[in-house]
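To start, the structure itself, in structure tokens.
The values are calculated or read from the model by the stated rules, or taken from the named source; none is laboratory data. These figures come from a predicted structure and were not determined experimentally. Cβ coordinates were reconstructed from backbone atoms using ideal geometry, including for glycine residues, and neighbour counts include every protein chain displayed. For the accessible areas, the whole protein counts, side chains as well, though only heavy atoms, and no ligand, DNA or RNA atoms are used. Shrake-Rupley method; radii C 1.70, N 1.55, O 1.52, S 1.80 Å.
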Amino acid sequence: MASSVDICNLALANIGDEALVSAISPPDGSVQAMHCARFYPIARDFVLALHTWGFATKRAALQTVSLDDQPPQWAFAYALPNLCLAPKRVLLPDSPSDSEGEDFLVETDPDGAMVLYTNAEDATLVYVTKVTDTTKFSPLFVVALARLLASYLAGPIIKGDSGKKEAAAHLKQFFQVDLPLATGADANTQKRSDYKDFTPAGIGARA
């Protein structure tokens, strides 16, 4: 499986840089490694937050918090789980796993903590978590991440108008090609049956 260094070297190769970094945490002393160390975590978390990746999706029972100024339209306030990058669905205790979920809102409380508001009691949250272990990444996620990272690296490494054009080209490639391929392949591992709760009309009439 690809390491963070492998992903950075792939990103550098995407922009035509022949350098090979050997470490980014801490950087190996090269300019390329310095830029990779700066931009790699940003690119990784950005791609993670864009989709409900199978390898990065968790669910957890939420813990209620008490607030003095809770919005009156929401019955419950919950703390977000640690390392939650993107809340996806709020489920009731008896909800099926493929439920669309309940309405919710995420805001910052007066102390700066993120709070999830909902009308669901004893709620469970399906969310995308921060994943730093690259062995969990799917191959197409690696390709997409390297492409986005290439768009971040092009400007500071190539510089000038050429760097801007290179960055724009890789960002376009990321959104139009690499990300759709990665999310599509990931979605195929999480298919839900549209007919799970379907009852044929004839059977329903005889019930």
Quiz prompt | Relative contact order, percent, the chain [alpha-carbon distance under 8 Å, six or more residues apart] | solution = 24 percent
Quiz item: How about the chain: what cysteines have no other cysteine beta carbon under 4.7 Å from their own?
Solution: CYS84
Quiz item: Per residue, what accessible area does region 117-180 have, given a 1.4 Å probe and all protein chains present, in Å²?
Solution: 45 Å²
Quiz item: Could you give the radius of gyration (one decimal) and Dmax (whole number) of the Cα atoms in region 122-165, in Å?
Solution: 16.3, 54
Quiz item: Fully extended, how many nm does the chain gain between ASP45 and SER3 (0.36 nm per residue separation, minus their Cα-Cα distance)?
Solution: 13.6 nm
Self-check item: Nonlocal Lys pairs with alpha-carbon distance under 26 Å, the chain (8 or more apart, or different chains)
Solution: 16
Quiz item: If you stretched the chain out fully between SER162 and ALA187, how much longer would it get, using 0.36 nm times the residue separation minus the C-alpha to C-alpha distance?
Solution: 5.4 nm
Quiz item: Considering the alpha-carbon set of region 1-85 alone, what are its Rg and its Dmax in angstrom?
Solution: 19.4, 58
Quiz item: In degrees between 0 and 90, to the nearest 10, how far off the longest principal axis of the chain does helix 31-49 point, with axes built from Cα atoms?
Solution: 20 degrees
Quiz item: If you roll a 1.4 Å probe over region 17-160 with all protein chains in place, what percent of the accessible area is carbon or sulfur?
Solution: 52 percent
Quiz item: Going 7 Å from the Cα of GLU102 toward and past its Cβ, which residues in region 121-135 have a backbone nitrogen under 12 Å from where you end up?
Solution: 121-125
Exercise. Evaluate the relative contact order of region 131-186 (contact order divided by residue number), counting alpha-carbon pairs under 8 angstrom at least 6 apart; express in whole percent.
Key: 41 percent
Self-check item: Cubic angstrom per residue, convex hull over Cα atoms of region 78-150
Solution: 139 Å³
Exercise. List the extent of the Cα atoms of the chain along each of their three principal axes, largest first, rounded to whole Å.
Key: 68, 52, 31
Quiz item: Quick one: how many Å² of ILE24 are accessible to a 1.4 Å probe, rounded to 10?
Solution: 20 Å²
